[in-house]
1. Projected onto the charge dipole of the chain (+1 at Lys/Arg Cβ, -1 at Asp/Glu Cβ, origin at the Cα centre), which of 28, 76, 16 gives the Cα projection farthest towards the positive end?
2. Starting from the Cα-Cα distance between residue 20 and residue 66, subtract it from 0.36 nm times their residue separation and give me the gain in nm to one decimal.
3. What do you get for the angle between helix 69-83 and the principal long axis of the chain? Use alpha-carbon atoms, 0 to 90 degrees, nearest ten.
4. To the nearest 10 degrees, how steeply does helix 18-34 sit against the main Cα axis of the chain, on a 0 to 90 scale?
5. Report which label in (1) 5.1; (2) 8.8; (3) 9.1 holds the value of mean projected area of the Cα convex hull in nm² derived from the coordinates of this structure.
6. Looking at the chain as a GNM with Cα springs under 10 Å, which of 34, 18, 54 has the largest mean-square fluctuation?
Amino acid sequence: MGKVIGKNGLLVEVFLPTDEFRNFIDALSTMARTGLVKDYKYAIQDLRIVNRQTISGEFFNRNSWAYDHKTQLEMLRQRVRSSS
């Protein structure tokens, strides 16, 4: 779960059995109709084609993570631009 910066919202990643997905969406719809949540969006991720990578150990120094956030963020922005 994560906070959406600059907005009144949350980002949540859940893994549900296929049979439970419809129940989850129905519950979100009910909460939206009753005003418990303003609205929602969802995306389906196909885990068969996902590659994951942990942060390299070279960025862990003196019991904390240290990396150049601005450089990493710009690299991600460039990747997003090149993929669109």
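What follows draws every value from the coordinates through simple rules; no lab data is involved. Quick caveat, the model's predicted, so the values are computed rather than measured. Backbone-built Cβ (ideal geometry, glycine too); neighbour counts: all protein chains shown.
1. It is 76, whose Cα lies furthest towards the positive end.
2. Stretched fully, the residue 20-residue 66 segment lengthens by 12.6 nm.
3. For 69-83 against the chain, the angle is about 60 degrees.
4. Compared with the principal axis, the helix lies near 70 degrees.
5. (2)
6. Of 34, 18, 54, the Gaussian network model singles out 54 as fluctuating most.
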